[in-house]
Every structure is written in C-alpha cells, then in structure tokens.
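S.K.: Right, I'll just put the structure down here and ask away after.
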C-alpha cells in the first residue's frame, strides 16, 4: 500500500508539539525539550511500504540519530541511521519495508541542545531516492555495501535537485582512488571531485552550487582486492526546493532583481557592523543600505518610488559606501535614481540601531515620490553563510511602529502615508506594490513564514532640497526605540566617543586606505567583543577562538589598547586544561565549546603562548607575567607532549620528526592530519 497522506498520520513525541514536524509547513518547527531524551513516533494508520525518508532540520541538529519501523509497535526493526548528522536536509533510502509505525530517536543528545525538526517526509519506494545498482541502496543510511574496484553506487534523486557534496564513511577496507560524478539524464556524467590518496575512515566532497538528478560514487582502486566497504554515503543537498527561502529566491529571479535582496540572486553582499562596545548584540548594515537589526532576523530595505515605479539601489547609477573619517564605525551608503539621491547613515546608541534616510532632489525640477521601507523575511547573510530565511509569521504596523512576530521591530520618526502588508504570492509585498501604491490591512498572521510589509513616506522636493526619515530598531529585547531623537547630535556624540577610545591615528603610510583599514578593524574588534571575549564576527562566529583572539589581542596591543589585550589573555588563561591543552574555542560565557575539533586543534597551543609573550614584551608588566606564567608553562609542556606522540608513532628519523600530533586546526582537510601550520605557532 502507498504511504497515506499526512492528514491521516498521528504523531507523538517526548515533548513539544510534534504535529509541527508533519504539517507540510516548512516555516514551522517541532522542538524537543532539552531536558528529555528526544524521540518522535509516527503512526501511519495502516501498514504501508516505505522506501525512503527525508528530514529537514532547524538550527539545532543532532549528530547521532536513527529511525526504526514496526508493524505492531511492539517489535522494532532498524530502518536507517547516521552518526554524521549535518543539519539542513538529510536524505535516507533503504530496501522496501512494510510498516505502520516509524520512530525517530537521538542516540546521544547533547546537553541543553534542542533538536529542531522542520519537516519529516516518508516515501514509498516509487517516490523515494533510489540506487540504480541492485543491492546497493543500503549505503544511503541502512547498512554497509561492498564496492569492488571499478564499480559504482549511482543515486537517482527522482528529479533535478541541488547537490552540494557528498560524505563517505568507509568500513574496514576503503577506496584509495575514487570519484564523484553528477548527471542530469543518467547517461552523461561529469566528474565533480576525485581523491587519489584515500586512507580510509571518512572523506568529504564539496562543490559549487549546481543542479543534477543523478549522483555516482565510483571506486577506481581500493585498499583490498575485494574492494571497499561503504558504511554510509551521505547526500548533501541544498534544502531550498521546498523551504520558504526557495520560494522567495524563485520570485526574485522571476521579478525585477533590483527590488530584492541580492543574496536571493546568488550574489554575495558585503556588509559592516553597527554596534557598541561591550554590548550583547550588533546590527548589520549592507552595501545597499539594508539593515538587519538582530541576528537571524528580517532586514529593512530602502527603496524609492519615482514616477509611480519602485527603484532599488542595485540598479542605481552610482552606489557609494563610506565610514566617518574613513575608519570610524558610523557607515553611510548613498545611491541615486532619476536625479533623486538617497543617503542612509547608521549609528548604534543605547541598544538601538538608528538610520537616517535622507532624500535629496539633485535634479533641476521639482520631484515628487516616496521613500519605501520594506520589512523582508530574509537575513542579510546569504544561505551559504548560514543566513537566508528569517521567518515572519505575524506583522503589525501600528502608527509609527512595526511589530514582527509579536516583538517591537522598528519605529519611524513620522507615520507612513501608505502601508501594505502581504503574505507571499509568487513574491513578497514588493510585487504587490511595484507599480502602484496599495493600502492594505495593517496586520497579518500566517504559517508561511514569508510575511512582509512596506511603509511609504511621501516627499515633494524643490531642486536641492532634502527631507529625512529616522528609523530606530532595537538590537536586543527590552530596548525601547526612540526615533524622535536628534539624530545628528547623537551621531556627533558617538563619533566623539569612538575617537576618544581609539585615540589619534597610530599608523600613517602613503596609501590612506591602508591606515583607514587598520583603524577601522581596531574599532570592529571592539564592537564584536564582549566584556572578556574577542569574537571574529557578529553572526556565524558568535564564539571566541584563540586563533582569532590572539591576533585581535595583538592588533589592540599595537593600537595602544593594552588593557583590553591583557584582559582577554588573562581570561583565557583561566581556562587552560590541567594537562596544558589550550581549548581552541570558548563560548561567550567562558565555557569550553565541545563541538567537533574541540580537542584536536593544536595551533591553539602556540597561539596562546605567543600572545602572552607578546604582551609581556611590550608592557613589561610583572603582575601580568605572574598571572599567566604557570598556564603558559603548562601549555608549553603540552606542546612537547604532542611532539612526543609523533616520535612514538614514527621514530626520530621520520620526516614527521618535530611535528605536533595530527590536528584539524589548519582546516585544509576533513580529518586530523600532520601539518606545518601548528608548528608555525608552536
């Protein structure tokens, strides 16, 4: 029997609302309670034959999990599993099995980490991902498959999809030379990756974004004459075919691209950070003047309506970006269309991201139009940098305030003349108002996750005249927006505070951009930092690495910000292990980040010792030396231990003599390897 429609399924789980995992809405998410052992069980209502399944993960995903099947809910059998969960969309296929119940369980849940399932789909053999070669479908999560030299596993996705790569977990024997190919028709295959020095365990392939229906793994040579054992072949697929973001991307490609966030068109967008020192969060401000006030949240896009038609910055005759004095973190973006200039200037103050949108008539005639500020369900970071969709399920425009998902999102210095709020319909609100103004209801709720709103502020300007609208948006909860403040008085106050903190310019060379860049990076280090920790960035890198932190501390040291550099190293020194190992990554609360690589990134040893020594060389601070001396000695002895491991394995005459033990800190390989990178710091 075929798989019944989801409306006939029943679902239970350890906690939460498990119905969200099977509701066919890719903007809703089931979350397990972190205090429980997560499980989810589906009752199809009847016995049906399954051949595969797909699971769409939210931001939290387990590494080890599996599925079981049962006809009677008493006797359970293995269906598929993985020990290498990566999130996004994960695809499994298996030999046909008749079952009524399907159970998902997490083998080793991480403490306080909540698995999030966006959607779980079960497929009959006819609709599931399949393997052309008989008997080899088990490689897609069911069990080991032996692959003789010269033979392949050819996967048929069933339709054209977006493969990003593949992961191979080998058994006792493995491929030494092997390739991955893609094909649109199953006949003509193109090689997208080859490894000629395979040494077992696991191997990874990644390639640029593309489409195909078929994927083939071919083992050319193996470690055994009998062939290689493939314990698991993981398919890495871009999950946007059904996700809300995919719908938005297709709409952008079909519409006028200048009106949409450029990441939807596959373009990398540059941005800077708007923030304050030692504050919990920052906003992003991109090259077109778009603002993302909070992490993972929607962006605000400025557009111009001229002659009744909308215009966006990407199609402008000129777009320019600048920082105050060339370096201070008060950015400005200026662009123009049809003789009308829009200048967006951003500052951070008292927990608010403040932007002044100033419209100036640069033409020789009177100009009528509107500034349009659109709230879009898209982050500034693209999906390939872990951004993408920013779900909006509820939106309300109340006078001068905008509420998103029942939270204060933004406030304006004046009330808009026109407000349009829309659900997604082959495009967001901009498609609705692209050619004419629309007045709609000012509130809307939807499970689509793709709500949007546009607020229009009319202007009528004589040549050379200007008008401005101020936007205030909280960068974290509990901040009350103040759009009525004197923007330029605050701007001057913030600029003065930054200049006092950075002091006079330390480096001047022939090329002004070089000294501008040095000073700008100094300020950005301080913005991204917490009270103790230096972060590499405001979004994806919301932790502290000693690799980055030691370089940032050195930059501040030479910029004259000695106290900040010392505080970071002293804080990190308290977290060196008893055996001298330096944790490469710390969470912002000072706890050790236990993710993959937390105990095999050995460049951390030399980086910690090096920055401690640099600070003492510059400051000659004996109190600092006394505080870090014992942790530094421990870390140095651990370096000696790492070298001893290599000698014990390979002997003193090996070309590996003197190298630290294998690690992944150099990030060049998918598994620990010897490298000169770690030794450079050690």
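The values are calculated or read from the model by the stated rules, or taken from the named source; none is laboratory data. None of the values given here were measured: they were computed from a predicted structure. Cβ placement follows ideal geometry from the backbone for every residue including glycine, while neighbour counts extend to all protein chains displayed.
S.K.: Checking the conditions here, which among 44, 40, 53 is assigned to a strand (DSSP E or B), surrounded by 15 or more Cβ atoms within 10 Å (Cβ to Cβ) and over 31 Å from the mean Cα position of the chain (by Cα)? Before you say what the answer is, go through the steps one by one.
M.R.: Working: 40 fails: over 31 Å from the mean Cα position of the chain (by Cα); 53 fails: over 31 Å from the mean Cα position of the chain (by Cα).
Selected residue: 44, the only one of 44, 40, 53 that is assigned to a strand (DSSP E or B), surrounded by 15 or more Cβ atoms within 10 Å (Cβ to Cβ) and over 31 Å from the mean Cα position of the chain (by Cα).
S.K.: Looking only at the stretch 15-25, filter to residues that are at pLDDT below 95 and within 13 Å of residue 120 (Cα to Cα); which one of those is surrounded by the fewest Cβ atoms within 10 Å (Cβ to Cβ)?
M.R.: My answer is 24.
S.K.: Answer yes if at least one residue in the stretch 215-234 is in a loop (DSSP other than H, G, I, E, B), at pLDDT below 95 and out of contact with any helix residue (DSSP H, G or I) (no Cβ under 8 Å at 6 or more places or on another chain), and no otherwise. Steps first, answer last, please.
M.R.: Let us first name the residues in the stretch 215-234 that are in a loop (DSSP other than H, G, I, E, B), namely 223-227.
Checking the rest, the ones that are also at pLDDT below 95 come to none.
Scanning the stretch 215-234 turns up no residue that is in a loop (DSSP other than H, G, I, E, B), at pLDDT below 95 and out of contact with any helix residue (DSSP H, G or I) (no Cβ under 8 Å at 6 or more places or on another chain).
S.K.: Working only within the stretch 234-257, note down all residues that are surrounded by fewer than 21 Cβ atoms within 10 Å (Cβ to Cβ) and more than 30 Å from residue 65 (Cα to Cα).
M.R.: 250, 251, 253, 254, 255, 256, 257
S.K.: Also, I was wondering about something else. Here's a check for you: in the stretch 338-370, which residue that is in contact with a helix residue (DSSP H, G or I) (Cβ under 8 Å, 6 or more places away or on another chain) and surrounded by fewer than 21 Cβ atoms within 10 Å (Cβ to Cβ) is farthest from residue 294 (Cα to Cα)? Let's see the steps before the verdict.
M.R.: Within the stretch 338-370, the subset in contact with a helix residue (DSSP H, G or I) (Cβ under 8 Å, 6 or more places away or on another chain) is 342, 345, 347-349, 354, 356.
Okay, now just the ones that are also surrounded by fewer than 21 Cβ atoms within 10 Å (Cβ to Cβ), so 349, 356.
On the way: 349: 14, 356: 18 Å.
Result: 356.
S.K.: Please go through the stretch 451-463 and pick out each residue that is farther than 23 Å from residue 354 by Cα and crowded, with 16+ Cβ neighbours inside 10 Å.
M.R.: Residues of the stretch 451-463 that are farther than 23 Å from residue 354 by Cα, as a first pass: 451, 460-463.
Once the filter is applied, which keeps residues that are farther than 23 Å from residue 354 by Cα and crowded, with 16+ Cβ neighbours inside 10 Å, the stretch 451-463 yields 451, 461.
Rundown of residues vs (1) under 25 Å from the mean Cα position of the chain (by Cα); (2) buried (at least 16 other Cβ atoms within 10 Å of the Cβ), yes/no style:
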residue: 485; (1), (2): no, yes
residue: 503; (1), (2): no, no
residue: 507; (1), (2): no, no
residue: 513; (1), (2): no, no
residue: 516; (1), (2): no, yes
residue: 525; (1), (2): yes, yes
residue: 533; (1), (2): yes, yes
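The rows are residues; the columns are (1) in the same structural domain as residue 535 (by TED's automatic domain parsing); (2) on the phi > 0 side of the Ramachandran plot; (3) within 30 Å of the chain's Cα centre (by Cα).
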position: 568; (1), (2), (3): yes, no, yes
position: 578; (1), (2), (3): yes, no, no
position: 590; (1), (2), (3): yes, yes, yes
position: 610; (1), (2), (3): yes, no, no
position: 614; (1), (2), (3): yes, no, no
position: 624; (1), (2), (3): yes, no, no
position: 640; (1), (2), (3): yes, no, no
position: 656; (1), (2), (3): yes, no, no
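S.K.: Test residue 93 against the criterion of being in contact with a helix residue (DSSP H, G or I) (Cβ under 6 Å, 6 or more places away or on another chain), at negative phi and surrounded by 15 or more Cβ atoms within 10 Å (Cβ to Cβ), and give yes or no.
M.R.: Numbers: in contact with a helix residue (DSSP H, G or I) (Cβ under 6 Å, 6 or more places away or on another chain): yes; at negative phi: yes; surrounded by 15 or more Cβ atoms within 10 Å (Cβ to Cβ): yes.
Yes, satisfied.
S.K.: Select from the stretch 390-444 the residues that are crowded, with 16+ Cβ neighbours inside 10 Å and out of contact with any strand residue (DSSP E or B) (no Cβ under 7 Å at 6 or more places or on another chain) and write down the one among them that is farthest from residue 372 (Cα to Cα).
M.R.: This residue is 391.
S.K.: Of all the residues that make up the stretch 185-202, how many are under 22 Å from residue 223 (Cα atoms), free of Cβ contacts under 8 Å to residues at least 60 places away in the same chain and under 27 Å from the mean Cα position of the chain (by Cα)?
M.R.: Total meeting the criteria: 1.
S.K.: Is it the case, given these coordinates, that residue 448 is buried (at least 18 other Cβ atoms within 10 Å of the Cβ), assigned to a loop (DSSP other than H, G, I, E, B) and assigned by TED's automatic domain parsing to the domain that holds residue 476?
M.R.: Yes, satisfied.
S.K.: Follow-up question, since we're still on this one. Is there a residue in the stretch 35-52 that is free of Cβ contacts under 8 Å to residues at least 60 places away in the same chain and under 25 Å from residue 389 (Cβ atoms)? Steps first, answer last, please.
M.R.: Of the residues in the stretch 35-52, the ones free of Cβ contacts under 8 Å to residues at least 60 places away in the same chain are 35-36, 43, 45-47.
Filter again for under 25 Å from residue 389 (Cβ atoms), leaving none.
Within the stretch 35-52 (the criterion being free of Cβ contacts under 8 Å to residues at least 60 places away in the same chain and under 25 Å from residue 389 (Cβ atoms)), the answer is no, since none of the residues qualifies.
S.K.: Something else: Return yes or no: is residue 274 at pLDDT 95 or above and within 21 Å of residue 367 (Cβ to Cβ)?
M.R.: Considered against the rule, which asks whether it is at pLDDT 95 or above and within 21 Å of residue 367 (Cβ to Cβ), residue 274 comes out as no.
S.K.: For the stretch 371-424, name all the residues that are out of contact with any helix residue (DSSP H, G or I) (no Cβ under 9 Å at 6 or more places or on another chain) and on the phi > 0 side of the Ramachandran plot.
M.R.: 386, 399, 405, 406
Residue-wise test of (1) more than 24 Å from residue 83 (Cβ to Cβ); (2) assigned to a strand (DSSP E or B); (3) in the same structural domain as residue 235 (by TED's automatic domain parsing).
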site: 149; (1), (2), (3): yes, no, yes
site: 153; (1), (2), (3): no, yes, yes
site: 156; (1), (2), (3): yes, yes, yes
site: 164; (1), (2), (3): no, yes, yes
site: 167; (1), (2), (3): no, yes, yes
site: 204; (1), (2), (3): no, yes, yes
site: 210; (1), (2), (3): yes, no, yes
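S.K.: Can you find a residue that is modelled with pLDDT under 95 and under 28 Å from residue 449 (Cβ atoms) anywhere in the stretch 297-311?
M.R.: Checked the stretch 297-311: no residue is modelled with pLDDT under 95 and under 28 Å from residue 449 (Cβ atoms).
S.K.: Moving on to the next point. Given the conditions (1) in contact with a helix residue (DSSP H, G or I) (Cβ under 7 Å, 6 or more places away or on another chain); (2) closer than 20 Å to residue 552 by Cβ; (3) free of Cβ contacts under 8 Å to residues at least 60 places away in the same chain; (4) in a loop (DSSP other than H, G, I, E, B), report the number of the one that residue 508 does not fulfil.
M.R.: (2) is the only condition that residue 508 fails.
S.K.: Suppose we filter 595, 590 for residues that are assigned to a loop (DSSP other than H, G, I, E, B), under 22 Å from residue 529 (Cα atoms) and in contact with a strand residue (DSSP E or B) (Cβ under 8 Å, 6 or more places away or on another chain); which single one remains? Let's see the steps before the verdict.
M.R.: On the way: 590 fails: in contact with a strand residue (DSSP E or B) (Cβ under 8 Å, 6 or more places away or on another chain).
After applying the criteria, what remains is 595.
S.K.: Name the residue that is farthest from residue 121 (Cα to Cα), counting only residues in the stretch 2-14 that are in contact with a strand residue (DSSP E or B) (Cβ under 8 Å, 6 or more places away or on another chain), surrounded by fewer than 19 Cβ atoms within 10 Å (Cβ to Cβ) and modelled with pLDDT of 90 or more. Break it down into steps so the answer makes sense when it comes.
M.R.: From the stretch 2-14, those in contact with a strand residue (DSSP E or B) (Cβ under 8 Å, 6 or more places away or on another chain) are 2-4, 8-14; that's our starting set.
Narrowing the set further to residues that are surrounded by fewer than 19 Cβ atoms within 10 Å (Cβ to Cβ) leaves 2, 4, 8-10, 12, 14.
Then keep just the ones that are modelled with pLDDT of 90 or more; that gives 4, 8-10, 12, 14.
Numbers: 4: 11, 8: 13, 9: 11, 10: 13, 12: 15, 14: 19 Å.
Restricting to residues being in contact with a strand residue (DSSP E or B) (Cβ under 8 Å, 6 or more places away or on another chain), surrounded by fewer than 19 Cβ atoms within 10 Å (Cβ to Cβ) and modelled with pLDDT of 90 or more, the top hit is 14.
S.K.: Report the residue count in the stretch 645-682 for those that are touching a residue at least 40 places away in the same chain (Cβ under 8 Å) and either part of a loop (DSSP other than H, G, I, E, B) or in contact with a helix residue (DSSP H, G or I) (Cβ under 7 Å, 6 or more places away or on another chain) (or both).
M.R.: Number satisfying all stated conditions: 14.
S.K.: Being part of a loop (DSSP other than H, G, I, E, B) and over 26 Å from residue 156 (Cβ atoms) is the filter here; which residues of the stretch 61-105 pass it? Give the steps one after another, and end with the answer.
M.R.: Step one: of the stretch 61-105, the residues part of a loop (DSSP other than H, G, I, E, B) are 61-64, 71-76, 83-88.
Within the stretch 61-105, 62, 63, 64, 71, 72, 73, 74, 75, 76 meet the criteria.
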